[in-house]
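A.B. asks: Have a look at this one before I ask anything.
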Amino acid sequence: MVRYIGQRISIAVVTVFLILLLLFLMLELMPGTPFNDERLTDQQRDVIMEKYGLDRPILERFFKYMQLMLKGDFGISYTLNKNMPVSFMLGQRVGVTMSLGLQAVLLGLAIGMVLGIISALKHGTWLDSAMSMIAVAGVSVPSYVFALFSLYVFAFLLRWFPIRYNPSAPGLSGVLPVISLSMFTIATVARFLRSEMLEVLGSEYILLSRAKGLRESAVISRHGIRNSLIPVVTVVGPLVVNLMTGSLVVEKIFAIPGLGGLFVQAITVNDYNVVIAISFIYSVMFVLVMLAVDILYSVIDPRIRLSKGGPA
Amino acid sequence: MNPQKAELFGFASEERFRLADQSSSIGERGFIQDVWIRLKTNRAALISFGMVILILLFSLVAPLLSQHRYDRGMIEHQSLPPRWPVLERIGVLDGEGKYQEMGLEDTYYFFGTDTLGRDIWVRTWKGTQVSLYMAFLAVVVDMILGMSFGMISGYYGGVIDLILQRIIEILNSIPTIVIVTLLVFVLKPGILSITLAIIIKGWIGMSKIARAQVLKLKEQEFILASRTLGSSDAKIILHQLLPNIFGQVIIMSMFSIPNAIFTESFLAFIGLGLQPPLASLGVLISEGFKSFLVSGYMVVIPTLVLAVLMFSFTVLADGLRDAFDPKMKEM
Amino acid sequence: MESKRVLSIRDLEISFKTTDALVRAIRGVRLDLFQGETLAIVGESGSGKSVSVKAIMGILSSNGSIDAGKILYTDPETGEEFSIVDMSQREIRSKISGQRIAMIFQDPMTSLDPTMTIGKQIMEGMRYHYQVPVQEARRKAQELLELVGIDNSAKRMKQYPNQLSGGMRQRVVIAIALACDPQILICDEPTTALDVTVQSKILELIQSIQKEKNLSVIYITHDLGVVAKVADYVAVMYAGRIIEKGSVEEVFYDPRHPYTWGLLSSIPDLNLEEEELYSIPGNPINLALPFQGDPFAPRNRYALNIDFEQEPPLFSAGGKHRVASWLMDPRSPKVERPASLERRLKEMREEIGRNE
């Protein structure tokens with residue numbers, strides 16, 4: 001297993017390196033930087049190039065770049081907040097996005113698990129069908145559709161919640177964004193857990209524990225739920241991706257000052273350093289989550305923990 | 001002695017066996033028939049299939065039949081709510097009197113007009129074409145790239161497998177949104193960059209499925225037999241592996257459709273996708289969002305079409321999977 | 001000494017509701033099991049052999065129901081009687097399954113919980129039913145592991161199922177079954193999933209434990225070779241009915257039902273020249289469809305006209321031997337067993353004779 005974890009870590013490192021290279025090349029090849037402004041004279045442009053170090057050999061610049069990125073120095077904003085360090089702009093926002101994302105994951109996992117377990121246990125009843133339909137809606141209707149409708153109905157028409165998010169004291173204004181974000185998580189976990197649990201409940205070891213004379217509730221809590229919960233870890237990766245994309249739109253809709261909203265703004269005004277910094281943060285977060293998930297899975301499942309090669 | 005009785009205890013004739021055989025084989029069904037019967041009893045899947053067909057027809061026909069163009073509108077017709085000929089008499093979809101105010105008694109915009117006076121009916125169906133293109137693209141990428149990489153990886157194993165698997169792991173660790181953003185920077189936002197992004201990342205899931213299937217099949221007698229008999233690799237892959245995994249690949253590729261449709265609409269919504277005046281459901285939702293507190297219909301209509309389309313594809317995919325693999329259903 | 005009857009099944013009827021139809025899986029089964037003795041239920045898959053024992057254990061799947069009949073369990077020590085059909089599933093589980101009747105399943109690879117240590121799985125039953133203290137339960141689990149032939153039990157207790165071989169796992173499953181000192185052990189195809197070399201060892205293990213603890217054992221199997229080796233009584237099932245039953249000697253010396261002939265002929269035997277063997281053509285009938293007469297008739301090359309019209313009753317063939325075939329009726333024409341089967345039977349009798 002140690003070998004497996006080592007391999008996973010080295011892949012993560014290579015991935016981060018490749019992402020950095022990709023981002024750097026993009027920066028180099030980008031058509032139309034803000035300095036291509038036609039009002040600038042050649043001289044002025046050279047001054048800017050020198051000022052930002054854009055006249056050095058490419059390899060040197062890449063290593064310098066890598067160093068800076070890994071240290072968290074993402075340069076300065078060109079257009080959004082002229083000359084403000086990007087890391088400063090991000091600093092205020094990372095927390096907002098992370099806390100929303102975390103709340104959405106936790107809420108989604110909790111509700112999704114409950115729904116999944118109930119519909120597996122009530123398999124074939126109307127309750128199961130109803131929950132399955134809700135879950136299908138959850139995975140097939142985009143989170144921003146939920147966000148728009150909940151904003152329209154609960155904030156605009158019914159006025160139960162504020163329309164805009166209040167970053168300093170989220171309170172009620174955080175409810176709709178978190179729910180919209182967690183919709184997909186709820187539905188995915190519920191669907192996954194339901195089918196996982198049905199498979200486990202049909203297995204021979206469940207039959208054996210029934211034959212041991214355990215009460216049905218004990219069979220389910222001791223053998224059923226434990227065994228079907230372990231593989232849920234594997235869907236956390238895709239869920240995090242979805243949360244990232246979800247946060248872009250949900251932050252736009254609720255005017256939340258988070259990374260996602262900034263990302264969208266930066267793209268529309270071509271603020272490269274900001275876009276690249278956020279892309280980098282997203283990628284690194286994602287790489288770390290995938291790594292953590294794989295390692296966690298191999299630790300909690302004895303079938304993998306004790307096999308020699310790690311998961312196939 | 002009763003002759004009837006004697007016959008009763010005589011050996012049965014061939015005729016008797018044949019009759020019994022026939023009656024016992026009634027109700028025995030083949031696999032495909034079984035699949036079809038299971039699918040037919042799944043009402044949700046059938047309705048979804050109908051919805052997909054209906055939406056497809058509308059998106060192809062509606063823009064052609066309308067006198068309006070999706071990319072040009074009459075600015076004096078701006079922000080007109082939906083109005084339908086018959087329904088307006090019972091007070092729904094009656095255009096809220098705006099048409100009369102402007103002296104347009106004989107004009108009907110089924111889905112209303114946007115802030116530039118463009119017909120949302122035509123724009124919605126035109127935009128649906130983009131979503132259906134995404135659906136088609138997702139399936140093609142799954143079938144061609146996903147299936148071939150998966151089969152090659154599983155069949156040859158060894159170094160090829162190792163390299164492909166590492167590539168997959170790395171690609172998997174880069175969020176799609178980052179790839180799209182970078183593509184958009186290089187290529188400008190539009191259908192091309194989205195298509196490329198789907199090509200780069202869309203095949204991964206399917207290749208895993210195809211690989212697992214091939215690994216399972218590879219060890220079975222009939223494949224081993226043709227290998228020992230000296231069939232070429234290409235022949236084994238095309239004639240023996242492909243037919244065996246094709247069904248499952250088609251069904252699983254249905255599941256990547258909603259995801260692809262979502263990717264496009266989502267990118268359009270945040271401004272990285274198609275750009276107006278081009279129409280896609282995402283573009284429409286994004287535009288409608290700007291004035292959705294005033295003219296809700298501008299965002300509600302494309303959102304509904306998008307939701308129904310994705311929902312239908314998911315339910316249909318679920319239904320197909322259950323029909324082919326009933327083990328989950330009948331327990 | 002007349003041994004005590006521990007289990008009696010009378011006219012049991014069980015059906016399953018599926019999406020298409022109502023499947024009558026068990027149609028009037030009657031069986032007895034005595035203390036210390038071994039009963040084998042033989043049949044193809046779908047003949048209903050597993051369903052009947054699942055009913056005894058209260059683990060029928062939720063779409064199955066017992067429509068008629070009795071299952072009576074008598075505790076050989078206390079003489080207490082339990083009518084299992086009248087008990088709720090909950091009651092069966094809290095009083096019968098695991099404690100008085102235990103079960104071993106076919107595939108040891110899948111019948112152990114992959115994420116729980118072996119020790120915990122063995123201790124679970126005793127802790128659950130009798131609240132045995134952990135220390136004591138652990139000691140007993142270790143003893144059980146040694147009893148079923150697993151060395152180094154202290155270390156094994158902490159291992160997970162995937163660290164053991166198939167044969168070892170089946171031994172663990174047996175240890176789990178014995179954990180609450182049951183009086184009846186039901187073995188559902190206990191050796192089918194194992195290597196041939198391991199099969200006989202597991203059978204010997206079950207036999208020796210049976211002798212040591214004076215257990216009654218029910219084997220569910222399709223393998224008449226296993227039956228000949230271990231059983232006192234045999235019941236052959238077809239399409240939810242017992243079509244021939246009796247002591248092993250009766251059935252193996254003098255099989256009367258053409259279906260039993262087919263089964264006996266199909267035991268692989270390397271000693272005999274493979275000449276034209278008697279075999280059963282076709283597939284078992286689909287019980288979800290209505291049928292008339294004997295469900296075996298279409299596959300029976302000795303079928304009479306009456307077989308297609310009326311199901312045969314159980315005829316007595318002397319002693320405990322009962323046969324459900326119209327061929328037993330005095331009005332029927334005399335039928336000789338196929339010559340190849342006769343030779344095979346002779347071999348087998350010698351085999352059984354040698355074993356005793």
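The values are calculated or read from the model by the stated rules, or taken from the named source; none is laboratory data. These numbers come from a predicted model, not from an experiment. Using ideal geometry, Cβ is built from the backbone for each residue, glycine included, and neighbour counts are taken over all protein chains shown.
A.B. asks: Can you tell me which of C:ALA40, C:ALA68 is modelled with pLDDT of 85 or more and crowded, with 22+ Cβ neighbours inside 10 Å? Spell out the reasoning first.
C.D. replies: Numbers: C:ALA68 fails: crowded, with 22+ Cβ neighbours inside 10 Å.
Exactly one residue qualifies, and that residue is C:ALA40.
A.B. asks: Another question, then. If I filter segment C:290-307 for residues that are out of contact with any strand residue (DSSP E or B) (no Cβ under 8 Å at 6 or more places or on another chain), at pLDDT below 80 and surrounded by fewer than 14 Cβ atoms within 10 Å (Cβ to Cβ), do I get at least one hit?
C.D. replies: Yes.
A.B. asks: Being at pLDDT below 85, away from chain C (no Cβ under 14 Å), out of contact with any Asp or Glu (no Cβ under 8 Å at 6 or more places or on another chain) and in a helix (DSSP H, G or I) narrows it down to one of A:LEU193, A:LEU243, so name that one.
C.D. replies: A:LEU243
A.B. asks: List the number of the failed condition for C:LYS17; all other conditions in (1) more than 9 Å from chain A (Cβ to nearest Cβ); (2) buried (at least 18 other Cβ atoms within 10 Å of the Cβ); (3) out of contact with any Gly (no Cβ under 7 Å at 6 or more places or on another chain) hold.
C.D. replies: The one condition C:LYS17 does not meet is (2).
A.B. asks: Next up: Just a yes or no: is a residue in segment B:203-214 surrounded by fewer than 18 Cβ atoms within 10 Å (Cβ to Cβ), modelled with pLDDT of 85 or more and either more than 28 Å from A:VAL284 (Cα to Cα) or small (Gly, Ala, Ser) (or both)?
C.D. replies: There is at least one residue in segment B:203-214 that is surrounded by fewer than 18 Cβ atoms within 10 Å (Cβ to Cβ), modelled with pLDDT of 85 or more and either more than 28 Å from A:VAL284 (Cα to Cα) or small (Gly, Ala, Ser) (or both).
A.B. asks: Let me ask something additional. Name the residue that is nearest to C:ILE285 (Cα to Cα), counting only residues in segment C:1-35 that are β-branched (Val, Ile, Thr) and part of a strand (DSSP E or B).
C.D. replies: Only one residue tops the list, namely C:VAL23.
A.B. asks: Can you list the helices (runs of 4 or more DSSP H) found entirely within segment B:108-201 that contain at least 1 residues being of a type in the set (Val, Ile, Thr), without any contact (Cβ under 8 Å) to a residue 24 or more places away in the chain and closer than 29 Å to B:VAL283 by Cβ?
C.D. replies: Helices (runs of 4 or more DSSP H) meeting the threshold: B:120-141, B:176-187.
A.B. asks: Could you tell me whether C:GLU212 is of a type outside the set (Ser, Thr, Tyr), over 26 Å from the mean Cα position of the chain (by Cα), surrounded by fewer than 23 Cβ atoms within 10 Å (Cβ to Cβ) and within 26 Å of C:GLY36 (Cβ to Cβ)?
C.D. replies: So C:GLU212 fails the test.
A.B. asks: Exactly one of (1) facing another protein chain (nearest Cβ under 7 Å); (2) under 19 Å from C:LEU7 (Cβ atoms) is unmet by C:GLU91. Its number?
C.D. replies: Unmet condition: (1).
A.B. asks: Please indicate, with yes or no, whether at least one residue in segment A:211-218 is in a helix (DSSP H, G or I), within 12 Å of chain C (Cβ to nearest Cβ) and among the acidic types (Asp, Glu).
C.D. replies: Yes, segment A:211-218 has at least one match.
A.B. asks: Within segment A:233-271, restricting attention to residues that are under 15 Å from the mean Cα position of the chain (by Cα), surrounded by 24 or more Cβ atoms within 10 Å (Cβ to Cβ) and among the β-branched types (Val, Ile, Thr), which residue is nearest to A:SER298 (Cα to Cα)?
C.D. replies: A:THR245
A.B. asks: Restricting to segment A:166-187, and then to whatever is buried (at least 23 other Cβ atoms within 10 Å of the Cβ) and not aliphatic (A, V, I, L, M), can you tell me which residue is farthest from B:LEU284 (Cα to Cα)? Talk me through it step by step, then tell me what you get.
C.D. replies: As a first pass, look at segment A:166-187 and keep what is buried (at least 23 other Cβ atoms within 10 Å of the Cβ): A:176-177, A:180-187.
When the remaining residues are screened for being not aliphatic (A, V, I, L, M), the result is A:177, A:180, A:182, A:184-185.
On the way: A:PRO177: 22, A:SER180: 20, A:SER182: 24, A:PHE184: 22, A:THR185: 26 Å.
The qualifying residue farthest from B:LEU284 (Cα to Cα) is A:THR185.
A.B. asks: Would you pick out the residues in segment A:152-178 that are more than 24 Å from A:GLN92 (Cβ to Cβ) and either of a type in the set (Lys, Arg) or part of a helix (DSSP H, G or I) (or both)? Even if it seems obvious, please write down each step before you answer.
C.D. replies: Our first condition is that a residue be more than 24 Å from A:GLN92 (Cβ to Cβ); within segment A:152-178, this holds for A:152-160.
Selection gives A:TYR152, A:VAL153, A:PHE154, A:ALA155, A:PHE156, A:LEU157, A:ARG159.
One line per residue, one yes/no per condition, for (1) out of contact with any Asp or Glu (no Cβ under 6 Å at 6 or more places or on another chain); (2) basic (Lys, Arg); (3) within 21 Å of A:ILE278 (Cβ to Cβ); (4) modelled with pLDDT under 80:
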position: A:GLN7; (1), (2), (3), (4): yes, no, no, no
position: A:ALA12; (1), (2), (3), (4): yes, no, yes, no
position: A:LEU18; (1), (2), (3), (4): yes, no, yes, no
position: A:THR33; (1), (2), (3), (4): yes, no, yes, yes
position: A:GLN44; (1), (2), (3), (4): yes, no, no, yes
position: A:GLU50; (1), (2), (3), (4): yes, no, no, yes
position: A:LEU70; (1), (2), (3), (4): yes, no, yes, no
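A.B. asks: Of these, A:LYS252, A:LYS308, which one is part of a helix (DSSP H, G or I), modelled with pLDDT under 85 and out of contact with any Asp or Glu (no Cβ under 6 Å at 6 or more places or on another chain)?
C.D. replies: Of the residues listed, the single one that is part of a helix (DSSP H, G or I), modelled with pLDDT under 85 and out of contact with any Asp or Glu (no Cβ under 6 Å at 6 or more places or on another chain) is A:LYS252.
A.B. asks: For segment C:195-284, list the helices (runs of 4 or more DSSP H) that sit wholly inside it and hold at least 3 residues that are at pLDDT 90 or above; which are they?
C.D. replies: Those helices (runs of 4 or more DSSP H) span C:196-213.
A.B. asks: Answer yes or no as to whether B:SER265 is in contact with a helix residue (DSSP H, G or I) (Cβ under 8 Å, 6 or more places away or on another chain) and hydroxyl-bearing (Ser, Thr, Tyr).
C.D. replies: yes
A.B. asks: I'd like the full set of residues that are at pLDDT below 90, surrounded by fewer than 19 Cβ atoms within 10 Å (Cβ to Cβ) and either in a helix (DSSP H, G or I) or more than 11 Å from chain A (Cβ to nearest Cβ) (or both), limited to segment C:110-126.
C.D. replies: none
A.B. asks: Continuing with the same structure: Could you list all residues from segment C:326-356 that are hydrophobic (A, V, I, L, M, F, W, C), modelled with pLDDT of 75 or more and surrounded by 12 or more Cβ atoms within 10 Å (Cβ to Cβ)?
C.D. replies: C:TRP326, C:LEU327, C:MET328, C:VAL335, C:LEU341, C:LEU345
A.B. asks: Does segment B:226-234 contain any residue that is farther than 30 Å from A:HIS123 by Cα, touching a Pro at 6+ places or on another chain (Cβ under 7 Å) and more than 11 Å from chain A (Cβ to nearest Cβ)?
C.D. replies: Scanning segment B:226-234, I find no residue that is farther than 30 Å from A:HIS123 by Cα, touching a Pro at 6+ places or on another chain (Cβ under 7 Å) and more than 11 Å from chain A (Cβ to nearest Cβ), so the answer is no.
A.B. asks: Next up: Any idea how many residues of segment C:143-179 are assigned to a helix (DSSP H, G or I) and either within 11 Å of another protein chain (Cβ to nearest Cβ) or closer than 17 Å to C:GLN199 by Cβ (or both)?
C.D. replies: Summing the residues that are assigned to a helix (DSSP H, G or I) and either within 11 Å of another protein chain (Cβ to nearest Cβ) or closer than 17 Å to C:GLN199 by Cβ (or both) in segment C:143-179 gives 14.
A.B. asks: Among the listed residues B:ILE167, B:ILE200, B:ILE152, B:ILE163, which satisfies the condition of being hydrophobic (A, V, I, L, M, F, W, C), buried (at least 17 other Cβ atoms within 10 Å of the Cβ) and farther than 21 Å from B:PHE246 by Cβ?
C.D. replies: The unique qualifying residue is B:ILE200.
A.B. asks: Could you say whether any residue in segment A:294-304 is among the acidic types (Asp, Glu), within 14 Å of chain C (Cβ to nearest Cβ) and buried (at least 18 other Cβ atoms within 10 Å of the Cβ)? It would help to see each step written out before you state the result.
C.D. replies: Taking segment A:294-304 first, the residues among the acidic types (Asp, Glu) are A:294, A:301.
Cutting the leftovers down to within 14 Å of chain C (Cβ to nearest Cβ) gives us A:301.
Checking which are buried (at least 18 other Cβ atoms within 10 Å of the Cβ) leaves us with A:301.
Yes: segment A:294-304 contains one or more residues that are among the acidic types (Asp, Glu), within 14 Å of chain C (Cβ to nearest Cβ) and buried (at least 18 other Cβ atoms within 10 Å of the Cβ).
A.B. asks: Further, regarding this structure: Of (1) at pLDDT below 90; (2) closer than 21 Å to A:ALA147 by Cβ; (3) not acidic (Asp, Glu), A:ARG222 satisfies all except one. Which?
C.D. replies: Every condition holds for A:ARG222 apart from (2).
A.B. asks: Modelled with pLDDT under 90, under 29 Å from C:LEU203 (Cα atoms) and more than 9 Å from chain A (Cβ to nearest Cβ): does that describe C:ILE84? Walk me through how you get there before you give the answer.
C.D. replies: Working: modelled with pLDDT under 90: yes; under 29 Å from C:LEU203 (Cα atoms): yes; more than 9 Å from chain A (Cβ to nearest Cβ): yes.
For C:ILE84, the condition - modelled with pLDDT under 90, under 29 Å from C:LEU203 (Cα atoms) and more than 9 Å from chain A (Cβ to nearest Cβ) - is met.
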